[in-house]
Amino acid sequence: MFYLTKTLSKYIIRTLKLLFCIALFIFIPGHTYSQNTEVKIDSTLEVTVSQVFGIIKNQTGYLSFYSESWFDDCPKVILKKGTIHFEHLLKKSIPSEGFSYRVKEKKKRILIRKKAIKNKPEERIIFGVVKDRSGQVIQGVNIFIKGSTKEEAVTGLNGSYSIMVTHSKPVLVFSLMGYKTKEVTIRGRNSVNVALKEDIKELDVVKITKRNNKRSHRKKPGSVYKIDAKTIGRQPVNNLLAAITGYFSGVNITQKTGLPGGGFDVAIRGKNFINSTSEPLFIINDIQYSSESLSLSVVNAILQKESPLGLINPMDIESVEVLKGAEATAFYGSRGANGVVLITTKRGKAGKTRTKVKITTGLANVSRYIDLLNTQQYLEMRSEALTNDGFALETAPHFIQDIMPDLFEWDQNRYTDWQKVLIGGTANRNMGYISFSGGTKQTQFLFSGSYQNETTVFPGNSKYLKASMQSNLNHQSSNGRFQVDVLTNYIFDDNRLPLADLTKEANNLAPNAPEPYNDKGVLNWEGWTPTLVGNPFGMLEGEYRTKNRSLLLNLVISYRPIPDLEFRTNLGYTDYHKEEYKVSLHTRFNPAFGLTSTTGSSIVTNNASRQFWNVEPQIKWKKDLGKANFIALFGTTFQQSLTNRVFISAEGFQNNSQILNVFAADRITDGFNNKTKYNYHSVFGRLNFNWAGKYTMNLVGRRDGSSRFGPAKQFGNFGAVGAAWVFSEEVFLRNHRILSYGKLRTSYGITGSDNIKDYAFYNTYRTFYNANYIGATLLPDKLYNPDLGWEETKKFEVGLELGFLDDHILFTAAWYSNRSSNHLQGIPLPQTTGFNSLKANFDATVKNTGFEIDFRSANVITPNFKWTTFFNISIPKNKLVKFDALEDSTFANQYVVGWPLNIEKLYHVTGVNPETGVYQFEDYNEDGVIDRSAASQDRQWIEDMAPKFHGGFNNVFNYKALNLEIFLQFKKQRETNVFYNFRHPGDFSNQHTSILNRWQENGDQAPIQRYTLGQGAEGIEAITASFNYRNSNAQYTDTFFVRLRNVSLSYTIPKQPFSSLDASIYLQAHNLLTITKSLKADPEQSSTMTLPILRYLTLGLELDF
């Protein structure tokens, strides 16, 4: 499979390179227009009629308008050497019995018509450009002849179109979501330019339940928010979650690492459950797509929270929608307790077959570095630590010299910026995408494929490859009753990385450490002390490699026996496979250890898979009775998920060439084989009522069943109700000069959650492998708990939506309150029981409240210039409002009633003792001792790390063919500071330069305690204080930041009339600048030992023909 993917990838890249060269030649001017009407023939030629039109265009500037197929059967024209007037040339070339023409001198056009044949309608070409009211061209407008299914067209990048008509007075229909449909009657015209008006009803169309079940924001009581393919396409990212970060109010997304294939944290309106994931439900074209990683931390020590969602190709996505309110999420039952993210892939559009090609190339690097000590500052720190612990540089004993090679052995004048060496490289990313789409009004298709390769900023040969293929077929019968949609999506990736993230070594290594390589380019071990510090490039002697394969199949069949009744079935299947291994060669270690491949080489492997299928039949009925509109939907869902995993750890090989074969190892040190099954079944219904387009009410009810609970607790009943009032439709506000739209909405509902591991209620056992024991083993794993049941979340929301000045200004405000109870939690048990914990429902309540604002304004609208602003902000609050007997439980040191879930109980630093020079802490229990245990009574300072607010600010500028988008993301919260992952000041590790402001002598007032090696009584006192400092409030700071997350500049290349090629070029920047007071490389990341997110610059070309 890998060879096939590699071969296919090479073929795609070669094809894209060829198309790129063709495009360059197309855009190079090859002629100038003549100002006369004479055509000069340099030599006798035999040409086609179409070539005659080209010669006339090149020499006179007159453009001919006709259908390309009209002259295919006409004989060739012989042109003799000489000069001829272009009209004489036309008469000679065009068969007079079948065609006529008319010359428009002012516009320099030649309009050619095909003469009507008796009993056959006249055929002619209608062409033009579609724009909005501001004069900006609109791409993707569907154009068809009213009452006909044969001829269809779609506008290109520059808004142009052409369509064949056969009626004398045809009616063209122009349609696009977000604009009002327009019908134009053609009376003898060939050129028809159209201006479409934006429609707020269509601009806000969203999917509240399932694909093809769409309704307007004006009628919906729930909260759903959406971004489209244009917004996603303007960002140079390879992960869909990176593309939507900051665009949705109430959605907090945090990128965990700058490495390709890394994961994200996603929370919609806060964390609902204690000690449980906040991940929402992801739906791709009606198919549930699990975000749970199959990776094992013992194998994967470098990719933070790797997720299958990283496989999704953003260029295959048509739109992303987020469901947050009770009425919306309740429709998905237990699966949607944490919110729902709906992902819709691109579909084919009716019209001529179009080919779209995208080619991008880009560079990436670390945008911010930590300000570390240079060699002089570092050695001063180390020397001062030596002195503070009672030693002198000249008389230090051997055991001190042995642990301080940086001060006694290494070059005192050598300086290496290890950040630049280890994480300061330039990553390259290249991507190619091609799609074919088109079809008739009844059948549409889209086939696409993409290939991407990316390197890292690390030294070595790390590389990330991804290839994807997608097909989407949609068909409906001529009477519109029967419809079938078929989606196939296959993605493969291959990620090769070092054994560990080199960021830790980049920040910790002493600046005067030895050279990593000798003059011969071989790893240098001279000077590197085996027991203290290793050559960081030894991490390249081995690798972590992961391969992922994802197959998604979706079949939707619907049938309408009568217009008001629809039967629909959704069939889905996903197959996800992960193969990962970590290989460590003995050559990564210092030769002083004397290791060989037999004693020092090892491998750990993890092969896992997850198969998921679902069947969901539905019945939908709708009825209009005067001003009343009813929609009822009933359905049932059957789902099953099968997970398999095989883990093997082995060491000792005759030589390193055998290391990928675990069975060639001398010893199998560990291993297991797990298989789990999860079944889910639900019955659901929804009733929607609307009166006169003003009053709406929704009722949702469902009964969910999960195999993760005991027989008596498997099923739960959930539901929601929502209501909306479009008060702008009332008589007293209709046609108001200022208020053009107003709606008040509210919803309340209860959703469930079964977010625990499979077989959680069973009394289970597990096997245990130990190379030192020969024989079978069976260990107790979980205790039986038949009372394990559903978690519940009660959601309430009220929202106000306003539109002003013909919807040029749109404003939405929402307040929500979610209360989660019956939490699924492991109760710690004494070791004497033989079990670590018992899974049970806790009588605790978590409350999430918040206020969200979304704002959009069309600031400037002129024929040549348009400026639009988008803004969102979320102010969430999380609180544990109830936890019975918390103070007497093992969770007393982790949670506090009245505080958020995301807190830390810490020591409170009161300063540095001016006499001793060590940190001082508040003695909360006043016993005269600062207890170092995690449950210490002196750890009473509470640090709240929940976000205070977050949001995004986007501005889009359009000037003629230029488009500029500038997107800012912002967030305010408390987070760890730059000292969190560093060792104590004075240790054998580099530090941030702020530690220079330290205590040096009696009476000093300084924020940093004295340097120490941890030797002697005073050194041990300072080390103890440093340990407490690491678990104190001093390790946390305000990490408010404003990030220039995305800048996109694109130019649509002017299109020649009747040319089928649309083209644009663009320059994109991602994570360009971060404004913050935080001293970390990335203020959003909690650790300074993981690679920060990178700055990307990307150049791209898009062709559509």
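The values are calculated or read from the model by the stated rules, or taken from the named source; none is laboratory data. Keep in mind it's a predicted model, so treat the numbers as computed, not measured. Cβ: placed from backbone, ideal geometry, glycine included. Neighbour counts: every protein chain shown.
Structure notes:
- Contact annotation: residue pairs with Cβ atoms under 9 Å, 6 or more positions apart or on different chains, pairing a residue in the stretch 996-1023 that is more than 21 Å from Thr910 (Cβ to Cβ) and surrounded by 14 or more Cβ atoms within 10 Å (Cβ to Cβ) with a partner that is at pLDDT 90 or above and of a type in the set (Lys, Arg), are Leu1013/Arg382.
- Qualifying positions in the stretch 524-552 - in contact with a Lys or Arg (Cβ under 9 Å, 6 or more places away or on another chain) and part of a strand (DSSP E or B): Gly542, Glu543, Tyr544, Arg545, Thr546, Lys547, Asn548, Arg549
- Residues satisfying the stated conditions in the stretch 645-667, i.e. part of a strand (DSSP E or B) and farther than 20 Å from Tyr544 by Cβ: Arg667
- Of all residues in the stretch 729-767 being touching a strand residue (DSSP E or B) at 6+ places or on another chain (Cβ under 8 Å) and either free of Cβ contacts under 8 Å to residues at least 12 places away in the same chain or among the β-branched types (Val, Ile, Thr) (or both), the one that is farthest from Gly701 (Cα to Cα): Thr767
- Of all residues in the stretch 960-983, those being farther than 21 Å from Thr910 by Cα and at pLDDT 90 or above number 12.
- Given (1) within 30 Å of Val299 (Cα to Cα); (2) surrounded by fewer than 20 Cβ atoms within 10 Å (Cβ to Cβ), number of the condition Val486 does not satisfy: (1)
- Within the stretch 339-353, tally of residues that are out of contact with any helix residue (DSSP H, G or I) (no Cβ under 8 Å at 6 or more places or on another chain) and over 23 Å from Leu553 (Cα atoms): 3
- Residue match in the stretch 448-459 (condition: more than 22 Å from the chain's Cα centre (by Cα) and more than 30 Å from Ser1086 (Cα to Cα)): no
- Any hit, the stretch 239-248, residues being in contact with an Asp or Glu (Cβ under 9 Å, 6 or more places away or on another chain) and polar (S, T, N, Q): no
- Condition check for Ile268: among the aliphatic types (A, V, I, L, M), in contact (Cβ under 8 Å) with a residue 24 or more places away in the chain, farther than 23 Å from Arg368 by Cβ and surrounded by fewer than 23 Cβ atoms within 10 Å (Cβ to Cβ): no
- Among the residues of the stretch 454-471, those that are out of contact with any Phe, Trp or Tyr (no Cβ under 6 Å at 6 or more places or on another chain) and within 14 Å of Ile434 (Cα to Cα) comprise Ser468, Gln470.
- Qualifying residue in the stretch 946-956 (condition: surrounded by 15 or more Cβ atoms within 10 Å (Cβ to Cβ) and under 30 Å from Asp888 (Cβ atoms)): yes
- Yes/no for Glu321 being more than 12 Å from Asn239 (Cβ to Cβ) and of a type outside the set (Val, Ile, Thr): yes
- Per-region count, the stretch 547-589, residues surrounded by 16 or more Cβ atoms within 10 Å (Cβ to Cβ), of a type in the set (S, T, N, Q) and more than 30 Å from Trp525 (Cα to Cα): 6
- Scope the stretch 237-267; condition hydrophobic (A, V, I, L, M, F, W, C) and assigned to a loop (DSSP other than H, G, I, E, B); matching residues: Val237, Phe248, Leu259
- Flag for Glu926 being more than 30 Å from Tyr1051 (Cβ to Cβ), surrounded by fewer than 19 Cβ atoms within 10 Å (Cβ to Cβ) and free of Cβ contacts under 8 Å to residues at least 12 places away in the same chain: yes
- Contacts under 6 angstrom Cβ, first residue in the stretch 305-332 being hydrophobic (A, V, I, L, M, F, W, C), partner in a helix (DSSP H, G or I), 6 or more apart: Ile312/Leu240; Ile317/Ile232; Val320/Ile244; Leu323/Thr329
- Boolean, Thr605 is assigned to a strand (DSSP E or B), more than 26 Å from Phe663 (Cβ to Cβ) and hydroxyl-bearing (Ser, Thr, Tyr): no
- Any hit, the stretch 686-694, residues being in a helix (DSSP H, G or I) and over 34 Å from the mean Cα position of the chain (by Cα): no
- Condition check for Arg347: out of contact with any Leu (no Cβ under 8 Å at 6 or more places or on another chain), surrounded by fewer than 20 Cβ atoms within 10 Å (Cβ to Cβ) and within 30 Å of Val266 (Cα to Cα): no
- Phe638 farther than 30 Å from Trp691 by Cβ, free of Cβ contacts under 8 Å to residues at least 60 places away in the same chain and in contact with a strand residue (DSSP E or B) (Cβ under 8 Å, 6 or more places away or on another chain): yes
- Residue in the stretch 602-620 that is surrounded by fewer than 16 Cβ atoms within 10 Å (Cβ to Cβ), at pLDDT 90 or above and of a type in the set (A, V, I, L, M, F, W, C) present: yes
- Going through (1) of a type outside the set (Asp, Glu); (2) surrounded by 21 or more Cβ atoms within 10 Å (Cβ to Cβ); (3) more than 31 Å from the chain's Cα centre (by Cα) one by one, Asn836 falls short only on (2).
- Strands (runs of 3 or more DSSP E) lying entirely in the stretch 947-1063 (those with 1 or more residues that are under 30 Å from Gln136 (Cβ atoms) and of a type in the set (A, V, I, L, M)): 949-959, 962-972, 1041-1053
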